[in-house]
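Encoded as structure tokens, the structure appears first; notes follow it.
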Amino acid sequence: MQGLIPTDFLLPPTGLILLAAAGAWLTLWHPRVGLGIAMIVATSLLYLAALPAVSARMMEDVEIAVPDNPDFAAARAIVVLGGGVHRGDGEMVPDTLGLWSLQRVYFGAQAYRRLRLKVAVSGGLVGGAHVSEASLMKAALEQDFAVPVSWAEDGSRTTWENARNTAELLKPLGIGTIVLVTHAWHLRRAMWAFERAGLHAVPWPTPRTYDDTDRLDDYVPSTGALLDSYHALHEAIGLAYYRLRY
């Protein structure tokens, strides 16, 4: 999200740690207010964000429930979005796809096996990487999954740029409907961006994070739940920002 302050400063755990630190400093001048912020507000919010019972409901709000039998009849291409790169040293250790990118490549290969549509991958240089997400995804799809890649859009660094740049590639070819492959928690913002850029996006069914099963350990804090809370808030803030900007 270019042009916006780094979202990590607004999201758990970073945002809440900074809030606790601010409260601790405030105790030097206003002890009761500072302790209230640091010990009650920040720690309580951090505890809630780390509860699976809370993060699951947050994920429910941002994830899209894809129909069991989505209609792919009008689709002319499959678009797989990048999800991060493990950065190498540029010499002996090469850049490799991050976990989210690898999962999306797998889902993209599944979509190709079923639909036999041409495939586009989208993702530029992110996080100081030496190789673009698109280049790495193209190599993985072709070499590891035997899936030909027709287009590699390697100039984007945000979801909006994924959509805009891919639309610039595909629309001149008469392609107006695509199958969009990304994570369920990312689909709502990604689909909005692609529709805004002029491509109708049909979501590929990817596993949802949200689980409505009620278990005792849903009320025990976990790092996984904290990560889910991060994703949910990141997507909610990101979509609101996109709607205001684009």
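Quick rundown of the values:
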{"read-out": "Single residue of the range 125-143 satisfying the filter (at pLDDT 95 or above and touching a helix residue (DSSP H, G or I) at 6+ places or on another chain (Cβ under 8 Å)) that is farthest from THR96 (Cα to Cα)", "value": "LEU141"}
{"read-out": "Criterion violated by GLU91 - all others in (1) out of contact with any helix residue (DSSP H, G or I) (no Cβ under 8 Å at 6 or more places or on another chain); (2) part of a helix (DSSP H, G or I) satisfied", "value": "(2)"}
{"read-out": "Candidates ALA240, ALA193, ALA232 - the one that is part of a helix (DSSP H, G or I), at pLDDT 90 or above and under 17 Å from GLY15 (Cα atoms)", "value": "ALA232"}
{"read-out": "Residue identified as part of a helix (DSSP H, G or I), free of Cβ contacts under 8 Å to residues at least 24 places away in the same chain and on the phi < 0 side of the Ramachandran plot among GLN103, GLN143", "value": "GLN143"}
{"read-out": "Considering residues of the range 11-59 that are surrounded by fewer than 17 Cβ atoms within 10 Å (Cβ to Cβ) and in contact with a Ser or Thr (Cβ under 9 Å, 6 or more places away or on another chain) only, the residue farthest from SER229 (Cα to Cα)", "value": "VAL33"}
{"read-out": "Filtered residues of the range 154-164 (kept if in a helix (DSSP H, G or I) and buried (at least 19 other Cβ atoms within 10 Å of the Cβ))", "value": "THR159, TRP160, ASN162, ALA163, ARG164"}
{"read-out": "Check on VAL149, more than 18 Å from PRO67 (Cβ to Cβ) and at pLDDT 95 or above", "value": "yes"}
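The values are calculated or read from the model by the stated rules, or taken from the named source; none is laboratory data. Here the structure is a predicted model, which is why all the values come from computation and not from measurement. All Cβ positions, glycine included, derive from the backbone under ideal geometry; neighbour counts span all protein chains shown.
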